[in-house]
Each structure stands twice: as C-alpha cells, then as structure tokens.
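Visitor: Input: one structure, supplied below.
The values are calculated or read from the model by the stated rules, or taken from the named source; none is laboratory data. On a predicted model such as this, the values are computed, not experimentally measured, just so you know. In this analysis, Cβ positions are derived from the backbone assuming ideal geometry, glycine residues included, and neighbour counts consider all displayed protein chains. We work out accessible area using only protein heavy atoms, side chains counted, and drop any ligands, DNA or RNA first. Shrake-Rupley method; radii C 1.70, N 1.55, O 1.52, S 1.80 Å.
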Amino acid sequence: MADIKIIQGDITQASVDAVVNAANFRMLGGGGVDGAIHRAAGPKLLEACKKVKPENGIRCPTGEARITEAGNLKAKYVIHTVGPRYNIDKNPENLLSSAYMNSLDLALSHGCESIAFPAISCGVFGYPPQEAAKISVSVCRRPEYEALIKYFYLFREEMIDIWTAVLEHP
Ligand code: AR6
C-alpha cells in the first residue's frame with residue numbers, strides 16, 4: 001500500500017512529481033506557501049499561471065485545482081488548489097476535501113507517482129489544523145489514490161504532532 005509520509009520542512013524542496021500550492025483564485029502568487037513556491041520556482045511559474053484562462057477574473061475557484069509546469073522546482077508540476085476560508089466560505093469541509101480530491105485526480109491523470117501537500121487552508125485561511133488533518137488523511141486514504149505516494153510538508157512541530165496523531169488514530 002502506498003504511504004502517507006509526514007515531513008517537517010519546506011515544500012519547495014520536495015523531490016516529488018507534483019507539488020501542491022495553497023493558492024488563491026487569481027493564481028498569481030501571494031503570501032505563505034504560495035509566495036514560497038513562486039519564489040523558488042521563479043518567473044516561469046508565474047508565466048504558466050497567467051496562461052490558465054480566467055473566467056470573470058477567477059483562474060481556480062475554491063475547491064478546484066489547476067496544473068502547471070513547475071519552473072525551477074525539482075517537481076514536474078505544480079498543482080494549484082484553493083482551499084476554503086474557514087469562517088467565510090459555506091461548507092468548508094466539502095471544499096477542503098474537494099481541494100484534496102481535485103489535486104490528487106490531476107496528479108493521477110498526469111501520470112504522477114508522488115505528490116507533496118502543504119496544510120491547505122491552515123494558514124491565513126484559518127482552518128483548524130486538527131479538522132483539516134482528518135479531512136486530508138481520509139481523502140488521501142481512498143482506494144482510488146492508492147497508487148500515489150503522498151507527502152505532507154508541515155512547517156511547525158505542532159502541525160507534525162497533529163497530522164501524526166490523525167494518521168495513527170484516524
Ligand atoms: N512549506 C510548507 N508549508 C508552508 C510553507 C512552506 N514553504 N510556507 C508556509 N507553510 P498559507 P492558506 C504552511 O497561509 O491558509 C496565500 O497568500 C503554513 O505554516 O500559505 O491556504 C495564498 O495566495 C500553513 O500551515 O495557505 C492565499 O491567498 C500552511 O502552509 C492564501 O495565502 C498554509 O498556509 C491561502 O491560505
């Protein structure tokens with residue numbers, strides 16, 4: 001069975017086929033992990049994002065995902081997904097689980113064998129990490145995603161403890 005692995009560190013350093021970016025609907029960069037990924041990937045990533053056609057200014061609606069090349073990252077692809085803003089968007093659980101599912105589906109349809117996730121929505125979007133960990137692990141454990149090796153790149157010790165506990169006692 002393909003694993004879920006937890007890494008403490010910077011997702012821009014991940015040696016995987018696809019790195020997932022916790023983006024916003026404009027998909028032109030931002031703060032947090034989005035900023036870090038764009039800085040590490042360089043201007044090619046921004047160019048690739050601009051090529052994704054916006055509809056009414058929205059390149060990626062909340063809960064969906066888009067795939068681009070990865071510029072200077074070691075990864076082949078960046079999968080940009082937009083998680084919910086916890087206290088603002090309706091049905092944040094469904095939107096967060098869609099963000100994970102759509103990212104995993106894109107990775108599979110592009111022949112990826114490995115994927116690295118940050119803690120989507122757990123920064124400025126305010127999702128409680130414990131709840132986010134449960135959702136992310138339950139989606140990643142679905143049989144349709146068994147072929148992918150899933151990595152969670154988490155920054156803080158506290159986040160590592162939360163995800164580890166959920167993995168051990170879902
Ligand atoms: N590697 C791994 N995790 C990281 C890194 C990194 N280099 N940098 C930050 N984190 P956030 P969100 C963690 O705020 O809540 C952006 O401006 C961070 O500690 O990046 O989905 C976008 O453009 C946190 O646990 O994403 C959007 O507007 C987690 O990544 C908005 O923020 C996610 O925090 C998205 O907000």
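Visitor: Against the definition (under 19 Å from E146 (Cα atoms), within 14 Å of the ligand (Cβ to nearest atom) and either assigned to a loop (DSSP other than H, G, I, E, B) or touching a strand residue (DSSP E or B) at 6+ places or on another chain (Cβ under 7 Å) (or both)), how does V33 come out, yes or no?
Guide: no
Visitor: Considering each residue of segment 148-162, count those that are away from the ligand (no atom under 11 Å from the Cβ) and exposed (fewer than 12 other Cβ atoms within 10 Å of the Cβ), and give that number.
Guide: 1
Visitor: Determine, yes or no, whether S136 is in a helix (DSSP H, G or I), among the hydroxyl-bearing types (S, T, Y) and modelled with pLDDT of 95 or more.
Guide: Criteria met by S136.
Visitor: Further question: When A41 is evaluated against the numbered criteria (1) within 16 Å of the chain's Cα centre (by Cα); (2) open to solvent by 30 Å² or more (accessible area, probe 1.4 Å); (3) of a type in the set (A, V, I, L, M), which criterion, by number, is the only one it fails?
Guide: (2)
Visitor: Restricting the first residue to segment 113-132 and requiring it to be under 13 Å from E93 (Cβ atoms) and among the β-branched types (V, I, T), which pairs with a second residue that is in a strand (DSSP E or B) and within 7 Å of the ligand (Cβ to nearest atom) meet a Cβ separation below 8 Å and a spacing of at least six or different chains?
Guide: Every condition considered, the pairs that remain are I120/A22.
Visitor: Would you please list the contacts, defined by Cβ atoms under 9 Å and residues six or more apart or on different chains, that run from a residue in segment 76-88 that is in a loop (DSSP other than H, G, I, E, B) to a residue that is open to solvent by 100 Å² or more (accessible area, probe 1.4 Å) and within 9 Å of the ligand (Cβ to nearest atom)?
Guide: The qualifying pairs are R85/V124.
Visitor: Here's a follow-up. Condition first: in contact (Cβ under 8 Å) with a residue 60 or more places away in the chain and open to solvent by 10 Å² or more (accessible area, probe 1.4 Å). Can you find one or more residues in segment 48-62 that meet it?
Guide: no
Visitor: Next question. Just to be sure, is A99 within 14 Å of the ligand (Cβ to nearest atom), open to solvent by less than 10 Å² (accessible area, probe 1.4 Å) and free of Cβ contacts under 8 Å to residues at least 40 places away in the same chain?
Guide: yes
Visitor: Further question: Restricting attention to segment 102-112, which residues are hydrophobic (A, V, I, L, M, F, W, C) and either free of Cβ contacts under 8 Å to residues at least 24 places away in the same chain or surrounded by fewer than 19 Cβ atoms within 10 Å (Cβ to Cβ) (or both)?
Guide: Matches in segment 102-112: L108 only.
Visitor: So which residues in segment 102-119 are assigned to a strand (DSSP E or B) and more than 15 Å from the ligand (Cβ to nearest atom)?
Guide: S114, the sole residue that qualifies.
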